[in-house]
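For reference, the structure discussed in these notes is given below.
The values are calculated or read from the model by the stated rules, or taken from the named source; none is laboratory data. For clarity, every value in this text was computed on a predicted model and none was experimentally measured. Don't worry about glycine lacking a Cβ; one is built from the backbone with ideal geometry, like all the others, and counts go over all protein chains shown.
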Amino acid sequence: MINAAVAGLGRIGWRHVADILKTEGLGIGALCEPNAELAEKAKAEFNIPVYQSYDEMLEKSASDFVVIATPSHMHFEMASKALKKGFNVLVEKPVTPNAGEAKELKSVAENAGRWISVNQSFRYRPDVAYIKDIIKSGLIGELFQIHIYIPGNFSERSDWQIWKKFDGGALANWGVHLVDAVLFMSEQNPTDVFAKLDRVLDKGDAEDSFKVMFKMDKGCTAEVEAAKSFFNKTHWHVCGTKGSIIGEFDPVPVMKIKAQYVVDGKTETKSESFDFAQPQYSSLMIPHYAEIAKNLKEGKEPPVTIDSVIKTMSVLDAARESSASGQSIRIIS
């Protein structure tokens, strides 16, 4: 049994614990939660050691890896501590506030002889996998455009995610998923970014809406966006030299995907639907943890590499710089 120690038992932390316990080959060795009420609840529910001190958990736990599910601004320091103590680490997204700190964590992990991975769970969405397979098959030819819009609403948010000091904002919360999914699906590297970030309704100082456009090294242009809006756009719009893909929630939570492409001069169609209300899609972390367990059992590192996440974070960094300057930003590898 491979055991994880989970730090942080807020909304996402409880989901990590539940999904680890549902994964064959994985278990929970320890938990950490500074809130006394939540710590007592966890002790009663899971019957495993629960620490209120993170340092104490690192000293006493014999777990194989640490899951950091705390608010985003705490990730860098907590991940560094765990790596230096000899633990492997899985961090909730975003891994750090910027690509520079992500590179530092990579260096700390290499020096400690340990791995660090990130819960980029969008890679495990069924629509992402389906569209990626079509792209790789060559049915729609060479990619030249990808667009994804996250369905939103015209409502105000009031939790820690509205504050920059906590590494909050729509870009860190949703943009990190969308950019990562595009890079994962296209298997291309970002080169140039132009973006506009807006704060429309939320009362904090972080953006609640964004539009990010970026070019990639093999000729594809991507556009990812989220907006405070009563109305939604098409979720996926993917264009290739031989065909196109469209994906829409019709209605939510059913995602309908349609691909049309030309074969020997004739137009053919391929389609699929995914009902996100079905139990198998209740958590994207379950298939992620299943692949983590498989890789670790085979002596491999987790599937989401820190290098791939650094590429994602470099786009977010450039988007913030572009929005502030009004200029397109070149990504320097």
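Return the pair list, or none, for Cβ contacts closer than 6 Å from residues in segment 223-249 that are within 14 Å of S271 (Cα to Cα) to residues that are in a strand (DSSP E or B) and hydroxyl-bearing (S, T, Y), at least 6 apart or on different chains.
Final answer for the pair search is G243/Y261.
Of all residues in segment 297-312, which are in a helix (DSSP H, G or I) and either out of contact with any Pro (no Cβ under 7 Å at 6 or more places or on another chain) or of a type in the set (F, W, Y) (or both)?
Answer for segment 297-312, where residues must be in a helix (DSSP H, G or I) and either out of contact with any Pro (no Cβ under 7 Å at 6 or more places or on another chain) or of a type in the set (F, W, Y) (or both): K297, I306, D307, S308, V309, I310, T312.
Please specify each residue of segment 112-128 satisfying the condition of being without any contact (Cβ under 8 Å) to a residue 60 or more places away in the chain and in contact with a helix residue (DSSP H, G or I) (Cβ under 8 Å, 6 or more places away or on another chain).
Correct list: A112, R114, V128.
How many of the residues in segment 19-38 are surrounded by fewer than 17 Cβ atoms within 10 Å (Cβ to Cβ) and of a type in the set (A, V, I, L, M, F, W, C)?
Number satisfying all stated conditions: 2.
I'm trying to understand the selection: among the residues of segment 130-169, which are in contact with a helix residue (DSSP H, G or I) (Cβ under 7 Å, 6 or more places away or on another chain), part of a helix (DSSP H, G or I) and of a type in the set (A, V, I, L, M)?
Within segment 130-169, I131, I135 qualify.
Which residues, taken from segment 140-198, are among the hydrophobic types (A, V, I, L, M, F, W, C) and over 19 Å from A318 (Cα atoms)? Outline the logic, then answer.
Step one: of segment 140-198, the residues among the hydrophobic types (A, V, I, L, M, F, W, C) are 140, 143-144, 146, 148, 150, 154, 160, 162-163, 166, 170-172, 174, 176, 178-179, 181-185, 193-195, 197.
Within segment 140-198, I140, L143, F144, I150, F154, W160, I162, W163, F166, M185 qualify.
So is F46 touching a Leu at 6+ places or on another chain (Cβ under 8 Å) and either charged (D, E, K, R) or under 26 Å from A102 (Cα atoms) (or both) or not?
No.
Regarding segment 151-168, can at least one residue be identified that is touching a Pro at 6+ places or on another chain (Cβ under 6 Å) and either buried (at least 19 other Cβ atoms within 10 Å of the Cβ) or outside the structural domain of R199 (by TED's automatic domain parsing) (or both)?
yes
Here's the yes/no breakdown for (1) more than 13 Å from I148 (Cβ to Cβ); (2) within 22 Å of the chain's Cα centre (by Cα); (3) polar (S, T, N, Q):
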{"residue": "E207", "(1), (2), (3)": "yes, yes, no"}
{"residue": "M213", "(1), (2), (3)": "no, yes, no"}
{"residue": "G219", "(1), (2), (3)": "yes, no, no"}
{"residue": "A222", "(1), (2), (3)": "no, yes, no"}
{"residue": "K228", "(1), (2), (3)": "yes, yes, no"}
{"residue": "V238", "(1), (2), (3)": "no, yes, no"}
{"residue": "K242", "(1), (2), (3)": "yes, no, no"}
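Would you mind stating whether M78 is in contact (Cβ under 8 Å) with a residue 60 or more places away in the chain and assigned to a helix (DSSP H, G or I)?
When the stated conditions are applied, M78 passes them.
Find the residue count for segment 272-293, including only residues that are under 20 Å from the mean Cα position of the chain (by Cα), in a helix (DSSP H, G or I) and surrounded by fewer than 21 Cβ atoms within 10 Å (Cβ to Cβ).
Residues meeting the conditions: 7.
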